[in-house]
Structures are given as C-alpha cells and as structure tokens.
1. Can you find a residue that is within 14 Å of another protein chain (Cβ to nearest Cβ), touching a Ser or Thr at 6+ places or on another chain (Cβ under 8 Å), open to solvent by 40 Å² or more (accessible area, probe 1.4 Å) and not aliphatic (A, V, I, L, M) anywhere in segment B:294-304?
2. Within segment B:136-164, can you find the residues that are part of a strand (DSSP E or B) and open to solvent by 40 Å² or more (accessible area, probe 1.4 Å)?
3. Out of A:268, A:280, A:289, I need the residue that is buried (at least 20 other Cβ atoms within 10 Å of the Cβ), in contact (Cβ under 8 Å) with a residue 60 or more places away in the chain and β-branched (Val, Ile, Thr). Which one?
4. Is it the case that residue A:163 is of a type in the set (Val, Ile, Thr), at pLDDT below 85 and open to solvent by 40 Å² or more (accessible area, probe 1.4 Å)?
5. Looking for whichever is farther than 25 Å from residue B:234 by Cα, part of a loop (DSSP other than H, G, I, E, B) and not aliphatic (A, V, I, L, M) here; the options are B:123, B:74. Which one fits?
6. Could you tell me which residue of segment A:18-40 is nearest to the other protein chains (Cβ to nearest Cβ), considering only residues that are modelled with pLDDT under 65 and open to solvent by less than 40 Å² (accessible area, probe 1.4 Å)?
7. Going by the conditions given, is residue A:168 at pLDDT 85 or above, open to solvent by less than 70 Å² (accessible area, probe 1.4 Å) and not hydrophobic (A, V, I, L, M, F, W, C)?
8. I'd like to verify a number: residues in segment B:404-426 that are open to solvent by less than 40 Å² (accessible area, probe 1.4 Å) and assigned to a loop (DSSP other than H, G, I, E, B), how many?
Amino acid sequence: MGSYVLRRLLMAPVVLLVLATLSFFLMHATPGGPFDAEKQPDPVVKQALMAKYGQDQPLGVQYVRWLGQMARGDFGPSMKQRARTVNEIIGHTLPVSLLLGAVALVLALGVGLALGIIGAVRADTLWDRSAMVLSTLGLGIPPFVVGPILALIFAMYLGWLPVAEYYGPAHPAYLVLPAATLAIPFAARIARLSRAGLLEVLRSDHVRTARAKGASEVAVVLKHALPAGMLPVVGFLGPATAYLLTGSLVVEKIFAIPGLGREFVESVTNRDYTLVMGTVVLYGAVVVVCNLAADLLLGVIDPRVGRS
Amino acid sequence: MSTQGPWSEAWTRLRRDWIAMSGLIVATAMVAAVVAAPWLSPCAPTEQRHWLGAMPPGITHPDCREIDALALGQPPELSTRLPRDGHLRVLTETSDGGAHHYRVVVRRGVMQLSEEDPELGAQRLDTLDLATIAAEVEHREGHATPAPRLLLKSGDPPPEGLLDPGEAVAILRSTPTPHAVSIEATLSGGAITALRLDGADSPRISLRGEDIRRVEVDGRELRLRHWLGTDVEGRDLLARILFGGRISLMVGAVATLVSLVIGVAYGAISGYSGGRTDRTMMSAVDVLYAVPFMFLVIILLVYCGSSFLVLFAALGAVQWLTMARIVRGQVLSLRHREFVLAAVSSGVSHSRILFRHLIPNCIGPVIVYGTLTVPMVIMEESFLAFIGLGVQQNGVDSWGALIQQGHAQLTPDRTWMLVYPALAMAGTLLAINCLGEGLRDALDPRRR
C-alpha cells in the first residue's frame, strides 16, 4: 500500500512537468507571437514589449524562468489583457467553471447511480434495457448537440428556463441547462460502470450469504453490494474531471457563461501565451490531482488495489 | 457450431444482435450516402443564393445560379441539369432600379422640377414626362393619388389636379413596374446556337438568379428542391450535410488508423520485449494518460493552422494510448503460448514473430477498440470545429461546424439548420457505437 501511494504521488509532478514542457515548446515552436497584430507594431515598441515580457531571452532561459514562476503559483501577466495578470483572470473565471462542474458532477452521480442500480437490480428486464438505451444515447450524442437542443426545447419552446448568460450563483436557473448538458455523458458512463460493477458483486459469495441470512433485498443491495460495486465508478471520477473540463469549453460557449473555458478558447485565438499556458497547466494540475485523489480513494476502499 | 471458425462464429453471434446489426446498417448507409454525395445532393454545397437564405425544408425555386450568363457559342451558365441539345426558355421579371422621387415646388405660380437622387442630392429637371413613368403623388395629408399622365415643364403653371388646394410642394414617387422578359435559347452540342431576348436576337444575356421566375427545357420546367432547406447564405443544407460528412467520417477513419498503427506497434513491442523495456514504455503511457491532450491539440491547431495533416496527427496521437495497453495485454498473454515458443525455437526472427504470430492474434480486440475509436475521433473533431478550429476543404465544413452555424441561427422557427446536421451526426455516432459494442460481445462472448 505504501509503495503504491508513493508511486502515485511521485508520478503526479512528472505528469505536470511533461504537460508544461509540451505546451511551452509547442507554443513557441509555432509561427506568430502575441505581439503580432494585424498592424505591424513599431520594431522599437515590439522590442520593448518583448523585453518587458522576457520574450527576448533565449528559449531555455524563458523556459526555466517560467517553470520557476509556475512553481511559486505565479502565472505572470496576461500578454493581451495588459492590465491584468493571469492569476486575476483565473481567479475571476475559475469559480464560475467550478460551480458549473460541481453541479454537473452531483447531477451526473445522482442520475447515473440511479440508472445503474435499476439496471443491475432489474437486470435483463425492460427497466434495464431502457436504462442502457438511455446511457448509450447519452454517451453517443455529444454535448454540442445536446446543449442547443435542450436550449431549443426548454428555453425557446417551453420558456421554462433562460436561453443563455449567467448572473452569479444567486440566479441558479441560469445554471440548469448548462449543468444538465455537461452532466449527461457522465451520467451515462456512471450508469454503465455502476451497473457492471454491481452486477458482478451481486453474484459474489458474500451477497449470497447475506441473502441466505435473510437480509431484505434493499439491505442487500444498499449495504452489502453497493460499496464494492462502486469501485469502477470511483476509478472513473479521476478521468471524469478531464472530460468535465473539456466539456465545459463547449458548454460555456453554447450558453455564453463567463467561465475559464470560454476564457481559454479566447486566449488561444488571441495567442495570449501566458494565459494559455497558465490555463493548460492549471487544467492539467486539476486533472492530475483528481486522478491522484481517485487512485488513493480506490486504494483505501479496496485494499487489493495497492498489492496488485 | 463447433465446426465453424472463430470468425464465422462471431459473425453468427453478431447477426443475432439486432442493435448491432441496425448499427451496421445505419453506418453503412451513412457511408454510402456520403460517398454518393455528388449524386444525391441537388447542387454543390458551396453554391450560394443570397435571396434564398435560411429557407425552410422543402422549398423549391427555378433551377438557376446566383449569376447566370448566356452567350452565343458558349455553354450556358445556368443550371447544371441542362441537356446538351434542346430548347431552353427562361422567364424573368425585373424591376429596373428602385423607385424614383421627383419634387414639384410651386413658387410664384410656376413649377420648379427636380429629381431626388440618393447619391447626388436634388437634380434640377426641365421636363418630366409623367406619361412614361407610372408615378403617384404624395400629398401633404399623407394620401396618394395617381399622377396625371401629363408632360410637366419647369416654369409652367401647375396643371389641374396635381396639387391639392393650398399645397405648394408635391412629391412624386414612381413605382417600379415589374418588367417581364422571356429568353429563348437553342442548345446544340452543349453550346448555345441561338439566343433571343423577347424575340430579338441577342449575343449575350446576363441574368440575376433572383429575377428568374421559370426555367424550361423543351417545355418541361426545371425546379430545384432543397429537401432540408438552406442555410443563411442560401446553400443547400442536404448537400452541406452530405459533403460535411465526408470530412467528418474521413477524419474519423484516418485518425483512427493513425492511432491503430501507433498503438499496435507500441503495445506489441512493449509486451513482447517484457522486463525493464516493458515497464519503462508502460510508465510513459501512464504519464501520458494523465495529460489532458485536448488542450495540447487546441494549442497545436491554433498555432499550426487547421489542416488535415495536423488534425490526423493530433487526434491519432491522442487516441493510441488505450490501444497500446490493450495490445500489450494481449501480447503478454500470448507470448508464452506454445505456438510462439515453437516459432522462437525454430529460429524465427523477433520481427517475424511479432508481425506474423502475435499481432494477427490480437486482431479481435483491435477491431473492437478501433470501431469504438471512430465515433470518439469524430466527436473530438466536431468539438474542435464547434469551437472554431475545424478544417475546411474548398469551403465545405464538417458536421461540427454545421452544428455551430445552426446553433448561431437558432430561433424557434429556424431550427432545421441545427436539427438536421445534429441528427446526421448523432445517428452516425450512435450507429458506430452500437456496432462496436455488438462486435465486442460477438468476439468475446465471455464478457457478457
């Protein structure tokens, strides 16, 4: 168990370093820079700007300096929004994305587990089939199809919810459609994983023993089978954050939500080096930390994991 | 059953799985439709008709282009469906120019005439012949009366009935009259041999598509129907979906192939080498697994520009990791089987063992995972297209870009531009997914 935790803990910084290095060199290897506007700036001005942002240094020096800054949690100034730092921009937009992601995750867990449990307990019945058809639909139809269609039905035809925009957590109605759009693929995946996991456990010996003892079906499922059956779901929660983040790029664009995802897409088109790299590294860190947390959680729940 | 080979047995199992079979049928139909796009679509996906922007499904109009040219001795530039020989008749209705505004000011008992030109301002006129222009007089009280058919001259007193009592200024507005023209052309050998405009010979006629009311060939009317409506720029949506599907499906297939080649090679080498090499190669995969590649792909596409090559490489490179793990696992389990040991002991080279004995035996899982990768890649490509990083080929957009355009135009009565591309894409993805899962169950019955 100890070596397992150690290995996982050691791998996280390596992953982050690989990501940071890849994004740094990709960014600098490609033509065009942050100071290339449509109107060519005065060479002196450009030189001064390059010097101010350290762009005139050799690439190696820039890289090391940038890594050092990152390690201290400083992503530097934004190169396009000149008056703001990357940290400020992230501080402004990340909470919106986090709230959206959290709501979506809760929604996905609730719906997904419910569908999965129904599927497993009523295996090979109409209930099971419908739950699985729903999850196939949810997995197969991308969010940028689901989002506009949900907006069309619930906002435009029925008028129950607002079409787009976001005005802070005080107006939760604006979050319903985006969160639902974001949640659907996860709910589908969680439904499948929990159905498969639960089915396997329901056939195992300790469940048969519990049944033989005369435990009620509800107690068997909830108390004896569910914890072990949830292992695949817990394992999925790590990678799920990565999907959640990429998904939020699209969802924030569809519903015009001022989160980090939209900021990222804009910074990419603006060639705002520092903002793009800061965002990528931040996203990477979130993914790595969530993967690590899921792995460790899995190790705690299931002692077999560490030993294999 | 036991006399069957494993492949025909899998096929038998697959045929019993109706979900997988309908997936197979839908996916095949989609591929066929996309391949046959030039024959199925009524017109080219890039052909714009600005006066037909955002028209609902089923709209028909005379078969013509935005600008049509007919010239003696040249092939007609009108519809693409004209025969090489025959008699062509085109009816147009033009209203030459906009309305003209004239001003009549009565000062000291005589008229001063001027024309209001939108660009040059008021232009003085000496005479205004109301017999040649159909005009209305706009009176001060707001009502309008037909102008008398008279010749007005500056410096003359105003004629009876032009002005109301007490009025000193009259605005005359000429209403443009629709002007019907019929054009006849004789086609022979693909070129125009005779061209007549309203009965008079004419060497060359240029027509605006929006003026054309009817196109006839040998007495038969040519109309174009847009089954799925048009987009904002008046392009046929069916054609755009079919041609866009070519891009989406091709990206899906090629990027999957890239990931397959990398993944199979990497996994096979890692599994076959074993020991330290295997451990190093697999921890590299573990590290890369945790890297959110989509962000790197976005960076790559923005800075290298969206080209097919970058897209194939980027998406293929993202997808090979799972394939490598699967193949490595397979190779690992096959490595110590008797047939491999037999090959080793008879002195077969490593590469031959890999490519002749090990990889062919992994083909089942590779096919299954490859099939499931195609919709994933299509989805990723469309995701990139949706956020504006898609590839365009000669002005044809992929499905993701079509969905994005439809979403930009979405109002309760303008849904077709979103709904049909979305249906095409969702249907295809679902079909391939169902097929992939059916294949998995068929090739590995223990998993069920």
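The values are calculated or read from the model by the stated rules, or taken from the named source; none is laboratory data. Source: prediction; values computed, not measured. Virtual Cβ from ideal backbone geometry, glycine too; neighbours counted across all protein chains shown. The area values use the complete protein model at the heavy-atom level, side chains included, leaving out ligands, DNA and RNA. Shrake-Rupley method; radii C 1.70, N 1.55, O 1.52, S 1.80 Å.
1. Yes, there is a match, as at least one residue in segment B:294-304 is within 14 Å of another protein chain (Cβ to nearest Cβ), touching a Ser or Thr at 6+ places or on another chain (Cβ under 8 Å), open to solvent by 40 Å² or more (accessible area, probe 1.4 Å) and not aliphatic (A, V, I, L, M).
2. Looking only at segment B:136-164, we keep the residues that are part of a strand (DSSP E or B), and these are B:136-138, B:144-146, B:151-153.
Answer for segment B:136-164, where residues must be part of a strand (DSSP E or B) and open to solvent by 40 Å² or more (accessible area, probe 1.4 Å): B:136, B:138, B:144, B:145, B:146, B:151, B:153.
3. Working: A:268 fails: in contact (Cβ under 8 Å) with a residue 60 or more places away in the chain; A:289 fails: buried (at least 20 other Cβ atoms within 10 Å of the Cβ).
Exactly one of A:268, A:280, A:289 is buried (at least 20 other Cβ atoms within 10 Å of the Cβ), in contact (Cβ under 8 Å) with a residue 60 or more places away in the chain and β-branched (Val, Ile, Thr), namely A:280.
4. Working: of a type in the set (Val, Ile, Thr): yes; at pLDDT below 85: yes; open to solvent by 40 Å² or more (accessible area, probe 1.4 Å): yes.
Judged against the criteria, residue A:163 is a match.
5. On the way: B:123 fails: part of a loop (DSSP other than H, G, I, E, B).
It is B:74.
6. Restricting attention to segment A:18-40, the residues satisfying the condition of being modelled with pLDDT under 65 are A:30-40.
Then drop every residue that is not open to solvent by less than 40 Å² (accessible area, probe 1.4 Å), which leaves A:30, A:32-35.
Working: A:30: 3, A:32: 7, A:33: 10, A:34: 12, A:35: 15 Å.
That would be A:30.
7. So residue A:168 does not fit the description; no.
8. In the first step, residues of segment B:404-426 are kept if they are open to solvent by less than 40 Å² (accessible area, probe 1.4 Å); the result is B:406, B:410, B:415-418, B:421-422, B:424-426.
Next, only the ones that are assigned to a loop (DSSP other than H, G, I, E, B) stay: B:410, B:415.
Going through segment B:404-426 one residue at a time, the tally reaches 2.
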